[in-house]
Structures are given as structure tokens and as C-alpha cells.
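This report refers to the structure that appears directly beneath it.
The values are calculated or read from the model by the stated rules, or taken from the named source; none is laboratory data. Please read all numbers here as calculations on a predicted model, not as lab measurements. With ideal geometry, Cβ positions are generated from the backbone for all residues, glycine too; neighbour counts draw on all protein chains shown.
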Amino acid sequence: MSEIIIDVPELMERVQDDKELILELFDIFLEDYEKRRVTLEGAVKENNFDEIGAVSHSLKGAAGNISAKPLRMVLMELENKGKANDLNGVPELISAMDEAIVLLKQRIGELRVELSG
């Protein structure tokens, strides 16, 4: 993936260069993501379009808060699927979300080292 996983300059501007806040936002995001990922999986299995849309929307906002643009884009597509009551392509979007989160976690790990130093 050639895209920037986290737009660090945008994130630094958003938090006014507060490195501790960035690390805290990462922790909050990852904890929240794990819970909501389970909820999203259940909503897909139950064809609960409202829940798919709501959870995707919430995660999209959280991803935006940490400037995780590729993940945010996938979540936007999932949110739109929920709003449209359309499960076509949702398994592929869930896979793309899972791939994006793996890369995001790796990048967060790198940034923890950079920002702590």
C-alpha cells in the first residue's frame, strides 16, 4: 500500500504538536476499535444494516481523528453499505479494514518510538 497510513503532519496540527495526546488518542482508538470490530462482525452476520452504518460511522470518525486516511476510506464505504442496506462487497470491505488495521497498528508502533524519543 503506497498510501500514507497516518497523515502525521495533519495529526500533529490537529493536536497542536502534543505528542502525549497523540499517544493517548492511539490507545483510545485501538481499544475502541477492538470492541467495535466485534460489534460490526455481529451486525454483518445478522444483516443489521443500521448497526453496520452506525458502527462504521463511529469508527470512521475515530480513524479521522488520528488521520488514518486509508482506514477511514474503507469505513466510509462500509458506512455507505449500511445506509444503502447493501451487503454486496461487505466481506471484501471487512477484509480491507482488517488489512488496514494491521498496517495502522504497525505504524502506531513506529510512531510510539518516534514520539517518545
Checklist entry - Within the range 56-71, restricting attention to residues that are in a helix (DSSP H, G or I) and hydrophobic (A, V, I, L, M, F, W, C), which residue is surrounded by the fewest Cβ atoms within 10 Å (Cβ to Cβ)? => result ALA62
Next on the checklist: Looking only at the range 72-90, count every residue that is part of a helix (DSSP H, G or I) and touching a residue at least 40 places away in the same chain (Cβ under 8 Å) and tell me the total.
Outcome noted: 1
Item to check | Counted residues, the range 41-68 - those being touching a residue at least 40 places away in the same chain (Cβ under 8 Å) and over 28 Å from ARG14 (Cα atoms) | outcome: 3
Next on the checklist: Whether any residue in the range 70-83 is over 10 Å from the mean Cα position of the chain (by Cα) and of a type in the set (Gly, Ala, Ser) is what I want to check.
Outcome noted: yes
Checklist outcome for this item: Of the residues in the range 5-55 that are touching a Gly at 6+ places or on another chain (Cβ under 9 Å) and surrounded by 12 or more Cβ atoms within 10 Å (Cβ to Cβ), the one that is nearest to LEU115 (Cα to Cα) is VAL55
Checklist entry - Here are ILE28, ILE22, ILE6: which of them is within 18 Å of ARG107 (Cα to Cα), at pLDDT 95 or above, among the β-branched types (Val, Ile, Thr) and not in a helix (DSSP H, G or I)? => result ILE6
